[in-house]
């Protein structure tokens, strides 16, 4: 054991003293800073775009519309209904102008009220007129006083009334009350320039509630499976947790910190993979061609020990670089971005739990290093068998870069069961472990096909078998072939 | 009698259809510099690689310090220091760093490291990158690496290749010191005969994968003979004198009289020839006794590939 350890230390010294290793490390670090610069650049462009779009004066547009309708009415020649409709529109638009509310922003509570008033005015019938008039009065009062809490109160009363009247079921009542409670508690829709994700989250909660309630998946229009139901229930819990802790979902691309973290982890891990392939792919072949393999072979160590030490040093390299880069990435996102750190949220036994940003990032990087290890093993195996650095490195890099595309094509055409056993279909472990952190950048995760929708255990087993086969091949070759 | 350190018994090796080594057996003893001679392609390097198990042999047995290199590889390797073809060093590291790598594997303390560097005369330049070393320095550093763990046998494959005369002399001195003072067996392969003659205590000539001749190189002055090329104007007269007074049958090659005579009789011979007024033009000693052995054994080098 100590012999292998001594060989291992030697191998590490040998690797780290090489100039190419240092260059690779610099390239990896540059990849991180490149991502940082890119994200900052995109952020700047986004900010500029926003300022351009806000230059559009909606009030002017609205006034123009009002003028147009008024003109049409004075010209005359309209039938009764159209004229009424136009008058209605004019009065609604004037309300928008009066309370300085942008009409298109329909999740904003004031816009909601105005739309409601307008609807009531259109639909008021003779026998219900007094009642409707009162409601309009109340709504206008709330609008004047800018009283969000009271508006929420009123909505709740409406829901309760509906329930008492029997127009909605108990389930619907509960769901709607939950939404209103959330709205009231976290003042969602209160301010016109609040972050948009809270409203989106709320409407997705509503959709999921409906799916669960009706038993039909609102997205696919199919019967909801028990699995999906569980998933929706968990997601609702997590979404409520997000609202509670003001944590934007990770998909939120408005958040440049999130964008940076996602870009960085993908790009940096790709560069690490290539560096690992370059190092592993030259490990045996370069030494054979330089003759330095004899440096080791002439020491009192059996061949397998020498190869094992080399293998361990490659794995150690990947591990160390991955941890260093994870830490650097955490440091960068904390230094250069003001947004709150992303935490990983998941549900375990019905309760919402979180992993703080730093451990989450490190864990994610380490999980992403597993496919890198597979490709490094592949390169090392080729290096041992072919004893040709150019072949083993280029072939491994090509496989690393091209497998996603090739598999995407194969997966669309082949619908056989065996396609799931192809290792390349099982590389995406990170999305199977961190199910709740959708990764908009990686292609494989966004296309969840039959071939890739396997369980984590299955994928790990396939990769494990694959790794063992490669190990057996390389050790057998290295043990038995002559060193010439 | 000194102990046998390296022993080969009936070793065979075929590459494809070609039999490279057939039934090779030899022994190397403690404190002995053993020259392993043979023309190019005779299987010298193959033999050495088989001893070191870089190449697997087909059949036979190789023992180092009593350990079978196949069954007890690691134990056998503890006693071997070897350089095959070129010293294989990491060019981007300094001499000392290369030495440190080996020292760690061999579990050798730093005192020994410095001592070995001193022995090969590299102490001053140990902190330079190996890439900047001359070939001679690389050879010496390679030697330092092999000596680190105090091996019982040193196996060197063509160590004088590419070295300048000063480098060769330095190497020879180091090897002689190691062998004769520290009792290390040295197994050297080469095809440079003059070198071997100066360095070795014993030589084995390898041809077509087999040892065709093993010869002790005589060191005692009394037994030493000298082959001389004698050029005289009066050739007939000279031959007569040699025949009569020294009882030697001289050969005539071109216009030279070639004789082999004990070294101590050389002055008398010259004196006789001079007094007989044979008009000596030149007496040139041939230092090629090993060459004779070599060519005898390999049939005049006709088997060279």
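None of the figures in this text is laboratory data; all of them are computed from the coordinates on show. For clarity, every value in this text was computed on a predicted model and none was experimentally measured. Quick reminder, even Gly has a Cβ in these numbers, built from the backbone with ideal geometry, and neighbours come from all protein chains shown.
Details
- Across peptide B:167-173, the mean count of Cβ atoms from other chains lying within 10 Å of each residue's own Cβ comes to 0.
- Average beta-carbon neighbours from other chains, 10 Å sphere, peptide A:294-306: 6
- Of all DSSP bridge pairs formed entirely within the protein assembly as shown, close to 70 percent run antiparallel.
- Highest-first arrangement of B:277-286, B:199-208, where packing means the average Cβ count within 10 Å: B:199-208, B:277-286
- Over chain B: helical MRE at 222 nm, DSSP H runs n ≥ 4 each giving -39500 (n - 2.57), nearest 500: -10500 deg cm²/dmol
- Modelled spin labels at residue B:192 and residue A:191, positioned 7 Å past Cα toward Cβ, are 8.7 nm from each other.
- Shape of segment A:108-178, Cα gyration tensor, a/c cut at 1.5: oblate
- Euclidean distance of C-alpha centroids, segment B:110-131 and segment B:133-188, integer Å: 14 Å
- From the Kirkwood radius over Cα pairs of the protein assembly as shown, Stokes-Einstein at 10 °C and 1.306 mPa s returns a whole-number translational diffusion coefficient of 45 µm²/s.
- The order of the peptides A:366-373, A:278-285 by mean Cβ neighbours within 10 Å, most packed first, is A:278-285, A:366-373.
- Helix B:95-106 axis, angle to chain B major axis (alpha carbon atoms, nearest 10°): 70 degrees
- Centre separation in Å (Cα based) which lies between segment A:137-161 and segment A:201-277: 33 Å
- Remark: relative contact order (chain A) = 16 percent; criterion is Cα-Cα distance under 8 angstrom and separation of 6 or more residues.
- Look at the stretch B:100-106: the mean tally of other chain Cβ atoms within 10 Å of its residues' Cβ atoms is 6.
- Largest mean-square fluctuation among B:271, B:63, B:75, in a Gaussian network model of chain B whose springs join Cα atoms under 10 Å apart, belongs to B:271.
- Relative contact order (%) - criterion: Cα under 8 Å, at least six apart; region: segment B:1-128: 20 percent
- Gap separating the Cα centres of segment A:309-332 and segment A:355-426, nearest whole Å: 18 Å
- Cα-only radius of gyration and Dmax that characterise segment A:60-146, units Å: 13.8, 40
- Helix A:109-123 axis versus longest C-alpha principal axis of chain A: approximately 40°, rounded to the nearest ten.
- Directionally averaged projected area (convex hull, Cα atoms, segment A:324-421), nm²: 10.7 nm²
- Helix B:235-246 vs. chain B, principal-axis angle (Cα, 0 to 90°, nearest 10): 70 degrees
- Packing-based ranking, highest mean first, of A:464-476, B:166-178 given that Cβ atoms within 10 Å are counted: B:166-178, A:464-476
- Computed Kirkwood radius, in angstrom, where 1/r is averaged over Cα pairs of chain B: 21.5 Å
- Length-normalised contact order for chain B - Cα pairs under 8 Å, 6+ apart - percent: 21 percent
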